[in-house]
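Values quoted throughout were computed directly from the atomic coordinates according to the rules given, and no laboratory measurement underlies them. Since the structure is predicted, the reported quantities are computational estimates derived from the model, not experimental observations. Every residue, glycine as well, gets a Cβ built from its backbone with ideal geometry; the counts of neighbours run over all protein chains shown.
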Amino acid sequence: MIKPVKLSEANADFFDHVYQVVRLIPKGRATSYGAIAAYLGAKSGSRMVGWAMNAAHNQEGVPAQRVVNRNGMLTGKMHFETPTKMEELLQSDGVEVINDRIVNWKEIFWDPMTELEID
C-alpha cells in the first residue's frame, strides 16, 4: 500500500488536502471527486473537490486528469488547455478513454479509502 502524505492539522486548506491525495493516484488509475471528498471527511464535498481540480492547473505535480466523475466520465475536460488534453493525458497514463468515458472504470478506479493507510 502507498503511504499518503500526512494531512497537517496546521494546514486547514481543503484544496491543498485534495492536491495531496491527487498526487498519490498511481499512473494508470483514476478516482472520482466523491471518493476524494469521502476520504477527506467531506462526503458531500465532491463539488468542492471539482473546484479544486479546476484550480489545479497552477499546482505543480497534480495529475488532475486522473479525477473524473463517479461514472468515469471526463466531466472536467473543459478546464484543460484543449478539449482533448484530459483524454490525451489519461491515454499517456495507459488509461483507455472512449466517448469521454474511461473504459473498464471499475478496474481503473482507485479508492483512497481502501488504497491509502492512515497512521
Sorted from largest down, what three extents in whole angstroms do the Cα atoms of region 12-82 have along their principal axes? 32, 26, 21
A student asked for the Cα radius of gyration and Dmax of the chain in angstrom ought to give 13.3, 42
Across the chain, how many lysine pairs separated by 8 or more positions, or lying on different chains, have Cα atoms within less than 28 Å? 15
Could you check which residue among Val22, Val68, Val97 shows the biggest mean-square fluctuation in a GNM of the chain with a 10 Å Cα cutoff? Val97
Karplus couplings for region 24-30 from phi (6.51 cos²θ - 1.76 cosθ + 1.60, θ = phi - 60°), rounded to Hz, Gly and Pro as x? 8, 5, x, 4, x, 10, 8
Net length gained if the chain between Ala42 and Phe14 were fully extended (0.36 nm per residue, minus Cα distance): 9.1 nm
Between the DSSP loop rule and a limit of at most 13 other Cβ atoms within 10 Å, which trypsin sites (Lys or Arg not before Pro) in region 35-116 are left? Lys43
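For the chain, what does -39500 (n - 2.57) per DSSP helix run (n ≥ 4), summed and divided by total residues, give at 222 nm, in deg cm²/dmol to the nearest 500?
Working: 6 runs with 41 residues, N = 119.
So the calculated ellipticity at 222 nm is -8500 deg cm²/dmol.
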Taking a ≥ b ≥ c as the square roots of the eigenvalues of the Cα gyration tensor of region 63-113, is the shape rounded (a/c under 1.5), prolate (a/b larger than b/c) or oblate? prolate
